[in-house]
1. Along the charge dipole of the chain, Cβ charges K/R +1 and D/E -1, which of Ala91, His39, Phe23 sits furthest on the positive end?
2. Between Asn61 and residues 5 or more places away or on another chain, which pairs have amide H atoms under 5 Å apart, with H built 1.01 Å from N, and which residues are they?
3. Running Debye on the chain with equal point scatterers at the Cα sites and no solvent, what base-10 log of I(q)/I(0) appears at q = 0.09, 0.21 Å⁻¹?
4. How would Phe93, Phe29 line up from fewest to most surrounding beta-carbon atoms within 10 angstrom?
5. Taking each pair of different alpha-carbon atoms in segment 10-80 once, compute 1/r for the pair, average those values, and report the inverse of that mean as the Kirkwood hydrodynamic radius in Å to one decimal.
6. Sum -39500 (n - 2.57) across every DSSP H segment of at least 4 residues in the chain, then divide by the residue count to get the 222 nm mean residue ellipticity, nearest 500.
7. For segment 63-107, with only Lys/Arg (+1) and Asp/Glu (-1) charged at the beta-carbon, what is the dipole magnitude about the Cα centre, in debye rounded to 20?
8. Size of the dipole of the chain about the Cα centre, Lys and Arg at +1 and Asp and Glu at -1 on the beta carbon, nothing else charged, in debye to 20?
Amino acid sequence: MTNHPWPVEVRLIQAENILRIDFDDASSFQFTAEFLRVHSPSAEVKGHGPGQEVIVPGKRNVSITRLDPVGNYALRVHFSDGHDTGLFSWAYFHDIGLKHDTLWAGYLQKLSAKGLSRDAAAAKGLQFNA
C-alpha cells in the first residue's frame with residue numbers, strides 16, 4: 001500500500017497541450033507539455049546522479065503525442081521532439097505538481113543565466129548542464 005495520493009482522473013487536453021491529473025487527496029494539477037518535457041525524470045534530463053542535471057532549452061512548442069500506462073504506477077509520456085524515456089510515476093507527478101511554481105521559476109532563471117531560450121530556433125537543440 002502506498003502513502004502517496006493516487007490519481008482518480010488523468011486527462012490529456014490536446015487543444016491546450018496540457019496534461020491534467022486529479023488525485024484522491026483532492027489535489028489537481030495541470031502540466032504543460034513544455035513543463036513536463038524540461039522536468040522529465042529521464043536520465044537525459046536528471047543525469048545519473050546529483051549535480052548531473054541538464055537544462056533543456058527550446059521546448060516552448062513541444063507537445064505530448066501519446067501517453068502509455070506503465071503498470072499501475074506510472075505513465076510514459078511521448079513528446080513531439082521524440083523524447084519518451086522518462087517514466088513519470090504518480091508520486092513524481094504529485095511532487096512536481098506541489099512544487100510547480102518553484103520548479104518553473106528555477107527553470108526560467110537557469111535558462112536566463114545561461115543565455116538560453118524556450119524557443120527552438122534560438123536553442124538549436126542544445127542542452128546544457130545545470
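Read-outs: derived from the displayed coordinates by stated rules, not from any lab. On a predicted model such as this, the values are computed, not experimentally measured, just so you know. Here the Cβ is made from the backbone with ideal geometry for all residues, glycine too, and neighbour counts use every protein chain on show.
1. Looking along the dipole axis, the top candidate is His39.
2. For Asn61, whose amide H was placed from the backbone, the distant partners under 5 Å are Ala120.
3. Ignoring solvent entirely, the Cα scatterers give -0.25, -1.35.
4. In increasing order of surrounding Cβ atoms, one gets Phe29, Phe93.
5. Computed over segment 10-80, the radius equals 13.3 Å.
6. -7500 deg cm²/dmol
7. 60 debye
8. Computed about the Cα centre, the dipole is about 480 debye.
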